[in-house]
Amino acid sequence: MKYIDEFNDPDLARRLLEEIHATATRPWALMEVCGGQTHSIIRHGIDQLLPEQVELIHGPGCPVCVTPLDVIDKALEIAARPEVIFCSFGDMLRVPGTDRDLFRVKGEGGDVRVVYSPLDALDLARRNPGRQVVFFAIGFETTAPANAMAVHQARRLGLDNFSLLVSHVRVPPAIEAIMTAPECRVQGFLAAGHVCSVMGTAEYPELAERHRVPIVVTGFEPLDILEGIRRAVHQLERGEHRVENAYPRAVREQGNPAALSMLEEVFEVVDRNWRGIGRIPASGWRLSDAFRAYDAEYRFDVTGIRTEEPAVCRAGEVLQGLIKPTECEAFGTACTPRTPLGATMVSTEGACAAYYLYRRMADGPAQRGSRIPREELNSIG
Amino acid sequence: MCLAVPGKVVSIDHRADPMTGLIDFGGVRKQACLEYLPDVRVGEYVIVHVGFALQRLDEESARASLELFEQLGLLEEEFGDAWEQAARQENGSEAR
Ligand code: SF4
């Protein structure tokens, strides 16, 4: 079993898989919310090791992928200004805006810098009082506390040359949007473990109850994912819909109180556009009024943004779990990680990139959407 | 950037503002903000995301994750040179 041997504990993996195979009697569709989980699933071929009845649908949990095009275009415009030092996490460099990306802006003379932490950007602001330092504050609940701290510090230090271009998104409203979509096929969720490290699990019981859907908080290592699937299938087979924490080593029910209170102070909940998906009510954060002076959208008058998504790109459907990346016409032909048409191909956490990187290696480029032959799975179930 | 990497707290600077510690990620050492785990101690393992410690972790699971990240080349992705990675994509010498 070529895949199983790559697990860090192959015996445990085999036992979990056997139990999933023994438990699943009917078809079930589970969505893993987090892009890190998608990556791990495809990389380890977990979807291929599961019984035929258990299907994994990839969720929208890649912050790079869901950052809306108009925000990317605003970032590009701000980054190109001579007075600006534009700071970003490295994985935003190649996300396509309407006609270029940050990598290109840098090539054309923009002062674009990659930072590891928003505090590094704050430090740049301190050391460059004559410049405007703008940090591209994207990400889910896991990243938001860091960005909140950066802007909180900026205010305390009286640094008026620091601002955030904010595009934060929140997971629970996305789950709500997925469950209420008419084409929804999702019957259970593997919730994103590190999001819950910060937020805790308080937001989920109500969702699980109202949509009668099991939600299992899951880490993103292969064994964590198998355990999450095992528990979700177990619940589904018994007609249950509870919130379970399958990642207790990093997730406490109450989350991280210090981080939560910082979020509360610095951000307020707003509707947000998700790239490829559209507007989801209450699905994001922006800086609260007290911190509005540090909002780059207020500080820089970014007008005349005209956005245009490539017509062939079906990232929106991929992000909602309606199609698999391989069902997109452009997958692996016009669209590759070198020539990405959509953010789901450029981000390493994006579903299209994960399929391109791992599935093509396994299947060869010609066999689009094919599954690894069942014979290879003989040792299972 | 989505990655949250486990590491061991090597030292803590209580006077730094915000409170900061040196974290060892299986050999790579980096500073991280400890404000969100104010009572963390030297020797404990924590999960670090974009330079912030977010939760504690037991030693055994921390070691197991680090080993896995190393095998998958994820540490390189997290701590490596992003410009180089972007340039590699641009030049098409390699997918990532
Ligand atoms: S393969 Fe490329 S064009 Fe197709 S949905 Fe994915 S990112 Fe968009």
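The values are calculated or read from the model by the stated rules, or taken from the named source; none is laboratory data. What you are looking at is a predicted structure, and each value in this text was computed from that prediction instead of being measured. Heads up, the Cβs are rebuilt from the backbone with ideal geometry, glycines too, and the neighbour counts pull from every protein chain shown. Note: accessible area is taken over every heavy atom of the protein model, side chains too, but ligands, DNA and RNA are not part of it. Shrake-Rupley method; radii C 1.70, N 1.55, O 1.52, S 1.80 Å.
Which of the residues belonging to region A:25-47 are surrounded by fewer than 21 Cβ atoms within 10 Å (Cβ to Cβ) and outside any helix (DSSP H, G or I)?
A:T25, A:R26, A:P27, A:A29
If I ask for residues that are away from chain B (no Cβ under 12 Å) and either open to solvent by less than 50 Å² (accessible area, probe 1.4 Å) or acidic (D, E) (or both), which ones from region A:254-272 would you list?
Matches in region A:254-272: A:E264, A:E265, A:V266, A:F267, A:E268, A:V270, A:D271, A:R272.
In region A:211-253, what residues are within 13 Å of chain B (Cβ to nearest Cβ) and among the basic types (K, R)?
Correct list: A:R249, A:R252.
Restricting to region A:148-190, what's the tally of residues that are without any contact (Cβ under 8 Å) to a residue 40 or more places away in the chain and within 14 Å of chain B (Cβ to nearest Cβ)?
6
Select the helices (runs of 4 or more DSSP H) contained entirely in region A:273-352, then report the ones holding at least 1 residues which are open to solvent by less than 30 Å² (accessible area, probe 1.4 Å) and within 8 Å of the ligand (Cβ to nearest atom). Spell out how you get there, then give the answer.
Working: elements: A:296-299, A:315-319, A:343-346.
Helices (runs of 4 or more DSSP H) meeting the threshold: A:315-319, A:343-346.
So for region B:40-54 (the condition being facing another protein chain (nearest Cβ under 9 Å) and more than 13 Å from the chain's Cα centre (by Cα)), does at least one residue qualify?
no
Select, from A:L12, A:L50, the only residue that is surrounded by 23 or more Cβ atoms within 10 Å (Cβ to Cβ) and in contact (Cβ under 8 Å) with a residue 12 or more places away in the chain.
Going through A:L12, A:L50 in turn, the sole match is A:L50.
Assuming A:H152 fulfils every condition listed in (1) closer than 15 Å to A:L260 by Cα; (2) outside any helix (DSSP H, G or I) apart from one, which condition is it?
Evaluating A:H152 over (1) closer than 15 Å to A:L260 by Cα; (2) outside any helix (DSSP H, G or I) leaves (2) as the failure.
Show the residue pairs meeting these rules: Cβ distance below 6 Å; 6+ apart or different chains; first residue within region A:85-110 and within 12 Å of chain B (Cβ to nearest Cβ); second residue polar (S, T, N, Q).
A:D91/A:S347; A:R94/B:Q89
Give me the residue from region B:43-72 that is open to solvent by 30 Å² or more (accessible area, probe 1.4 Å) and not in a helix (DSSP H, G or I) and, out of that set, nearest to A:D224 (Cα to Cα).
Top of the filtered list is B:D58.
Go through (1) modelled with pLDDT under 95; (2) in a helix (DSSP H, G or I) one by one and return the number of the condition A:A22 breaks.
Failing condition for A:A22: (1).
Just to check your reading of the model, which residue among A:V233, A:V195, A:V217 is surrounded by 24 or more Cβ atoms within 10 Å (Cβ to Cβ) and outside any helix (DSSP H, G or I)?
Going through A:V233, A:V195, A:V217 in turn, the sole match is A:V217.
Testing A:E264 on (1) without any contact (Cβ under 8 Å) to a residue 24 or more places away in the chain; (2) touching a His at 6+ places or on another chain (Cβ under 9 Å), one condition comes back false. Which one is that?
(2)
Keeping to region A:105-144, report how many residues are assigned to a strand (DSSP E or B) and open to solvent by 10 Å² or more (accessible area, probe 1.4 Å).
4
Considering only region A:173-192, how many residues are open to solvent by less than 40 Å² (accessible area, probe 1.4 Å) and within 22 Å of A:V270 (Cα to Cα)?
9
Going through A:T201, A:T142 one at a time, which residue ends up being closer than 24 Å to B:E44 by Cβ, in contact with a His (Cβ under 6 Å, 6 or more places away or on another chain) and either in the same structural domain as A:G36 (by the TED database) or modelled with pLDDT under 95 (or both)? Even if it seems obvious, please write down each step before you answer.
Values: A:T201 fails: in contact with a His (Cβ under 6 Å, 6 or more places away or on another chain).
Answer to the check: A:T142.
Being more than 16 Å from the ligand (Cβ to nearest atom), touching a residue at least 24 places away in the same chain (Cβ under 8 Å) and among the basic types (K, R): is that true of A:R242 here?
Details: more than 16 Å from the ligand (Cβ to nearest atom): yes; touching a residue at least 24 places away in the same chain (Cβ under 8 Å): yes; among the basic types (K, R): yes.
Yes.
Counting only residues that are more than 11 Å from chain A (Cβ to nearest Cβ) and in a loop (DSSP other than H, G, I, E, B), which one in region B:1-33 is farthest from the chain's Cα centre (by Cα)?
B:R15
Name the residues in region A:69-104 that are surrounded by fewer than 23 Cβ atoms within 10 Å (Cβ to Cβ), hydrophobic (A, V, I, L, M, F, W, C), out of contact with any Leu (no Cβ under 9 Å at 6 or more places or on another chain) and not in a strand (DSSP E or B), would you?
Answer for region A:69-104, where residues must be surrounded by fewer than 23 Cβ atoms within 10 Å (Cβ to Cβ), hydrophobic (A, V, I, L, M, F, W, C), out of contact with any Leu (no Cβ under 9 Å at 6 or more places or on another chain) and not in a strand (DSSP E or B): A:L69, A:A80.
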